[in-house]
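The values are calculated or read from the model by the stated rules, or taken from the named source; none is laboratory data. Note that the coordinates shown come from a computational prediction; the quantities given were computed from them, not determined experimentally. Note that each Cβ is placed from the backbone with ideal geometry, even for glycine, and that neighbours are counted across all protein chains shown.
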Amino acid sequence: MQRELRQTADGSHTLAIAGTDVTYHSHHGAVAESRHVFIEAGLIHILSKQFSRPLRIFEMGFGTGLNALLTLQKAREQNVAVDYIAVEKFPVTVTELAQINYGSLLDAENDFRKIHGCEWGQEIRIDTFFSLQKKQTALEDIQNLSDIHCIYYDAFAPGHQPELWTVSVFEKLFAMLQPGAVLVTYCSKSDVRRAMMAAGFAVEKIPGPKGKREMVRATKIG
């Protein structure tokens, strides 16, 4: 997969699939989008619930590692332990990572290196508050994953990967979650919401990040 580096409106980088308008993060601000969609609407939301610790987060679309890095920083800030599991079929290369500015922008060079230096397929403890397990595989090949408190659903948009926004996919994700747990995603398309509801989720539209009026938080009621 050919990718190119682009700078977004908040100064942070994203990657784009070469020759297309498909990007890993919003051109309105990569860091701003990730904080809004996944940290504030996902992690901070579940911190208010009476879940056991450590919190278990599953990310579909590890990509540049930005969501994992921001989660690590917030876990330290909140003094809460997080076990983070992420799936990525096409990992970012060492050359691409060397160009991305998250480490310097977020004062997190060491953490960014540690996250990307973790061996794939192994659970690695980054520090007291954060463990990471990266899986280089497709979502459909994930088996026996359960007791998740929050899913960061960061797949490419339905227009580019329609197979990842179906009822059967959301049924699989629903089964991974504990009762009361949530899935958050930037996408609020009506057919996506209907697929989530058909899978059993209670779906709410909430304010989106800059450039998007709405996003979705879906809850497993029970």
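Residues that are within 24 Å of Ile148 (Cα to Cα), in contact with a Leu (Cβ under 8 Å, 6 or more places away or on another chain) and among the hydrophobic types (A, V, I, L, M, F, W, C) number at least 1 in the following strands (runs of 3 or more DSSP E) confined to the stretch 1-89: 55-60, 82-87. When the stretch 48-68 is filtered for residues that are modelled with pLDDT of 95 or more and farther than 28 Å from Thr95 by Cα, the ones remaining, listed by number, are Pro54, Leu55, Arg56. Residue-level check: of (1) within 21 Å of Pro91 (Cα to Cα); (2) in contact with a strand residue (DSSP E or B) (Cβ under 9 Å, 6 or more places away or on another chain); (3) not aliphatic (A, V, I, L, M), Gln161 misses just (2). Right, Ile44: at pLDDT 95 or above and within 18 Å of Gly103 (Cβ to Cβ) or not? Spelling it out, it is not the case that Ile44 is at pLDDT 95 or above and within 18 Å of Gly103 (Cβ to Cβ). Among the residues making up the stretch 183-201, those that are aliphatic (A, V, I, L, M), more than 14 Å from Asp154 (Cβ to Cβ) and crowded, with 18+ Cβ neighbours inside 10 Å are Ala195, Met196, Ala199. If you check His36, His28 for being crowded, with 20+ Cβ neighbours inside 10 Å, out of contact with any helix residue (DSSP H, G or I) (no Cβ under 6 Å at 6 or more places or on another chain) and modelled with pLDDT of 95 or more, only one passes: His36.
If you check Gln7, Gln50 for being over 17 Å from Gln99 (Cα atoms), of a type in the set (S, T, N, Q) and free of Cβ contacts under 8 Å to residues at least 60 places away in the same chain, only one passes: Gln50.
Filtering Ala138, Ala98, Ala155, Ala175 for residues that are surrounded by fewer than 16 Cβ atoms within 10 Å (Cβ to Cβ) and under 16 Å from the mean Cα position of the chain (by Cα) leaves a single hit, Ala138. Within the stretch 70-81, the residues that satisfy the criterion of being of a type outside the set (Gly, Ala, Ser) and either within 15 Å of Asp111 (Cα to Cα) or out of contact with any Pro (no Cβ under 9 Å at 6 or more places or on another chain) (or both) are Leu70, Thr71, Leu72, Gln73, Lys74, Arg76, Glu77, Gln78, Asn79. Looking only at the stretch 90-102, residues that are touching a residue at least 24 places away in the same chain (Cβ under 8 Å) and not in a helix (DSSP H, G or I) come to 5 in all.
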